[in-house]
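Below: the structure, in structure tokens.
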Amino acid sequence: MLFNKRVLVFPLVFLALVLGGLASSNTSTDAWYQALNKSDLNPPGYVFGIVWPILYILMSISAYRTFSVTSKVFFIQLIFNTAWSWMFFSFHMPFIALLNIWLLIYLNINLAYKMSKIDVLSATLYCPYVIWLMFASYLNLFIVINN
């Protein structure tokens, strides 16, 4: 029996969740982050802790179901996804993080489109991630403009 590579989606997405979480885990005590002017739409920190795991689960299911077509771009976007947290929270580079998230949006709109051509359910499950990226882009842009 050959190893099915698509099962790697789940541990790699979990790894991205953990690594991204490490970069953003101290936002409540980070003086730099606390001093930023943030949008009135910026959710409380605990919301991110609820939303991201749900999005990662949905992303994993979508990537698993469409692996043969989307795996390369999916794993590339996963690297950029993880890097965003480090760029923004650890290295305090909100403008570079903004460019990163715009690239993420582009990659993931294309991924959702590819998914829609082969599996509508996967594309549907993937859309909340793309929408959240757009919202996160707004929050990031607000910080870039107002700080």
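Tabulated results
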| quantity | calculated |
| --- | --- |
| For LEU111: the one exception among (1) surrounded by fewer than 19 Cβ atoms within 10 Å (Cβ to Cβ); (2) part of a helix (DSSP H, G or I) | (1) |
| Contacts under 6 angstrom Cβ, first residue in the range 39-68 being within 24 Å of VAL120 (Cβ to Cβ), partner among the hydroxyl-bearing types (Ser, Thr, Tyr) and surrounded by 13 or more Cβ atoms within 10 Å (Cβ to Cβ), 6 or more apart | LEU55/TYR129; MET59/TYR129; SER62/SER122; SER62/TYR126; ARG65/SER122; THR66/SER122 |
| Which listed residue is without any contact (Cβ under 8 Å) to a residue 24 or more places away in the chain and of a type in the set (S, T, N, Q), from ASN147, ASN100 | ASN100 |
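Since every read-out is calculated from the coordinates, none of them should be taken as a lab result. Since we're looking at a predicted model, the values are computed, not measured. Counting neighbours? That spans all protein chains shown, and the Cβs are built from the backbone with ideal geometry, glycine included.
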